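This report refers to the structure that appears directly beneath it.
What follows is calculated from the coordinates using simple rules that are stated; it is not laboratory data. Everything numeric in this text was worked out from a predicted model, so none of it was measured. Counting neighbours? That spans all protein chains shown, and the Cβs are built from the backbone with ideal geometry, glycine included.
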Amino acid sequence: MHRDRSGSHMRCVTDHAGGGIQSPVGPPGATAARQAAQAWRRQFAADASHELRTPVAGLRVELEEALMHPEQTDLRELVTRALKSVNRLESIVSDLLTLARVQAVKTEECEDFDLSELVGREVLRRSDRLPVRLQLMSGVIVRAVPLQIVRVLTALLDNAQQHATYGVRVEVDDDDGHAELVVIDDGEGVAEADRERIFEQFTRTDSARSRDRGGSGLGLAIAREIALAHRGSLDVRETASGGACFTLRLPSWPDRGGKAAGLGQDAGERPPARPR
């Protein structure tokens, strides 16, 4: 038993095999949390390594085949396939770096802004395959990192466009002191058993909701981390007609006289065929 300078007891564990002394043992709860964090890091490293190895392995096979049989190789076709693998690698690495950065939001990076203005501006910049119908309330002020909120919106819109049948609806509202950004699609929805799993890194589900085709598989995981870093939440539920409804909730800044605006405004040429 050892005693620190303050007089409190510090329990140590002896390493009988080596005769050395290990680091002090903390409270059971802290030990369990530390072990869980270590297990998460190991699993994440293993998953990330797997995701990175897949395009690397494909690229290696392509190049080795070309080297062994140059006379049978179409150079243009080879370079095109190789670039696809490189693009996937870049996407995974970029998203891994983003995931590492967003887990702690710095106060000096935050700004006060109207969430509806940001959403409306970003939607109009996009060229989507299906129309996006906007229902935005002006004056919904949040204090956040604008680029990170744009990243959440982009992930949700990309996901909705991938799974929608006729169109997508985006809403911004204020609900009991929280700003809400809602993205709704009229696709197949998300099975109840998968509604948390799709926010995990590299998770694959039957509907592939967690993986944009050709993407890194980290879009929704990053979006959830951004929400948590801003003291908010990101969840998904089923709509009355069976589609998916993703809701980002953020603490709203002091009310500045918001009012409904932009109702029924289309970012595309036609509204969704089955509005909710």
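Structure above, values below:
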{"item": "Residues 190, 123 arranged by fewest to most Cβ contacts within 10 Å", "result": "123, 190"}
{"item": "Residues whose placed amide H lies under 5 Å from that of residue 113, excluding near-sequence neighbours", "result": "142, 144"}
{"item": "Sites residue 150 and residue 71, calculated FRET efficiency, Cβ-Cβ separation with R0 35 Å, nearest 0.05", "result": "0.10"}
{"item": "Separation of the residue 233 and residue 197 label points, Cα + 7 Å toward Cβ, nm", "result": "2.2 nm"}
{"item": "Interchain or long-range residues, amide H under 5 Å from residue 179's placed H", "result": "250, 252"}
{"item": "Residue exposure sequence - 252, 233 - by fewest surrounding Cβ within 10 Å", "result": "233, 252"}
{"item": "Residue order, fewest to most beta carbons within 10 Å, for 199, 113, 246", "result": "113, 199, 246"}
{"item": "Segment residue 121-residue 60, length gained on full extension (0.36 nm per residue, minus Cα span)", "result": "17.8 nm"}
{"item": "DSSP beta bridges in segment 51-196 [antiparallel fraction, %, rounded to 5]", "result": "70 percent"}
{"item": "Full-extension gain in nm, residue 240 to residue 80, via 0.36 nm per residue minus C-alpha separation", "result": "53.2 nm"}
